[in-house]
Amino acid sequence: MELEIGSILDGKVTGITKFGAFVSLPTGRTGMVHISEVAHTYVSDIRQHLAEGQEVRVRVLAVDKEGRVNLSIKKAQTPEPRSERAPVLADARMPSRQRENLSFEDKLKQFMQDSQNKMSDLNTGERRIPWRGGRRT
């Protein structure tokens, strides 16, 4: 059976590395899911999302000249709908798992807000200028 690009198959995770997971397909072949193709959110540790022996649904992304099969779990799923309400920005006190679930836009807004706060703290009051040895007024 030949694999078609774009087809969705069920497979079983046979191995996990720091860069991805290997999935045994019903065709008898094995493909790899890169860590960036595991979930719709940022994945820092693939073992938090997958385990060996786990059944997964994958989409065939490509088959290269050497016969290696590139797969995606996130493209085999329907994306989570974005809510229309105001985004919740990350807080330093927010657990890292919640911060990982923020969209790129929300993370960028949080970064810009933190950056502006730090810049205003630097620009207020007196501060020492090390290369002159004096104080700024």
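At a glance:
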item	result
Matching entry among Val23, Val33 (being in contact (Cβ under 8 Å) with a residue 12 or more places away in the chain, part of a strand (DSSP E or B) and within 15 Å of the chain's Cα centre (by Cα))	Val33
Set Ala51, Ala62: member being of a type in the set (A, V, I, L, M), part of a strand (DSSP E or B) and surrounded by fewer than 16 Cβ atoms within 10 Å (Cβ to Cβ)	Ala62
Members of the range 62-104 found to be more than 18 Å from the chain's Cα centre (by Cα) and at pLDDT 65 or above, listed by number	Ala62, Val63, Asp64, Lys65, Glu66, Gly67, Arg68, Val69
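The values are calculated or read from the model by the stated rules, or taken from the named source; none is laboratory data. Owing to the predicted nature of the structure, the values given are computational and were not obtained by experimental measurement. Virtual Cβ from ideal backbone geometry, glycine too; neighbours counted across all protein chains shown.
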